[in-house]
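The values are calculated or read from the model by the stated rules, or taken from the named source; none is laboratory data. Being a predicted model, the structure only gives us computed values, none of them experimental. All Cβ positions, glycine included, derive from the backbone under ideal geometry; neighbour counts span all protein chains shown. In case anyone asks, the SASA skips ligands and DNA or RNA and just uses the protein heavy atoms, side chains included. Shrake-Rupley method; radii C 1.70, N 1.55, O 1.52, S 1.80 Å.
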Amino acid sequence: MSEGVEWALHSCVNLAWSGPDRAVSAARLAAWHDLPAAYLNKQLQALARAGILTSSPGPRGGFRLARPLAAVSLMDVVAAVEGPEEAFRCAEIRGQGPGAGEPAPDGGAAAECAIAHAMARAELAWRKALAAQNLDEIRQQAERQAPEAPGRLRAWLAAQ
């Protein structure tokens, strides 16, 4: 998973803390964590395409949440940034090189690779866990850990 997922998750929480009436530019969001603005902007655009954020152009433009954090799962963000493809892709190397297995005796397909099967089960569990947790739960936990964080962010944005 790319670091863009972490950046996107933090940006969503930061946008919630900034308030619903404030559009925040990618450059300003990036500056809060000293990230490269152009790369963060790509993640934010992906979130906008997925309907998690909205973007508005112009000097007072930027990004806002398109829906409440409680309606956005961690899996929504991961899929928006990373795409819907599975994390593990079996290349069926069992059929290559000196270790290649024999074809199935009946001419049919070989049995599913045990490694691919295990990875698919793990991925399903991982996706279910991410889908079961929403960004509002993350925001609440972040606020318990750092109660001053929302106010610090709002003050910093107001000073722009």
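Which FRET efficiency value, to the nearest 0.05, do you get for ALA146 and GLU82 by plugging their Cβ-Cβ distance into 1/(1 + (r/R0)^6) with R0 = 30 Å? Walk me through the numbers before you get to the answer.
Numbers: r = 27 Å, r/R0 = 0.89.
Once rounded, the FRET efficiency stands at 0.65.
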**Request:** Tell me the trypsin sites (Lys or Arg not before Pro) within region 35-116 that lie in a loop according to DSSP and have at most 10 other beta-carbon atoms within 10 Å.
**Result:** ARG60, ARG89
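Can you list which of the chymotrypsin sites (Phe, Trp or Tyr not before Pro) found in region 6-102 are DSSP loop residues with at most 14 other C-beta atoms within 10 Å? Could you put the intermediate results ahead of the total?
Working: sites: TRP7, TRP17, TRP32, TYR39, PHE63, PHE88; in loops: PHE88.
Taking region 6-102 and a limit of 14 other Cβ atoms within 10 Å, the loop chymotrypsin sites (Phe, Trp or Tyr not before Pro) found are PHE88.
Keeping all protein chains in place, calculate the accessible area per residue for region 1-43 (probe 1.4 angstrom), answer in Å². Please report the intermediate quantities before stating the final value.
Working: 2030 Å² over 43 residues.
Solvent-accessible surface per residue comes out at 47 Å².
Once the piece of chain linking SER2 and THR54 is laid out straight, how much longer is it, given 0.36 nm per residue of separation minus the C-alpha distance between them?
On the way: separation 52, 0.36 × 52 = 18.72 nm, distance 2.23 nm.
Result: 16.5 nm gained on full extension.
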**Asked** Hey, what does the equivalent ellipsoid look like for the chain, semi-axes from the Cα gyration tensor as sqrt of 5 times each eigenvalue, largest first, whole Å?
**Response** 42, 16, 13
**Prompt:** Each residue of region 5-22 in order: what ³J(HN,Hα) in whole Hz does its phi give by Karplus 6.51 cos²θ - 1.76 cosθ + 1.60, θ = phi - 60°, with x for Gly and Pro?
**Reply:** 5, 4, 4, 5, 4, 4, 4, 5, 5, 4, 5, 5, 5, 6, x, x, 8, 10
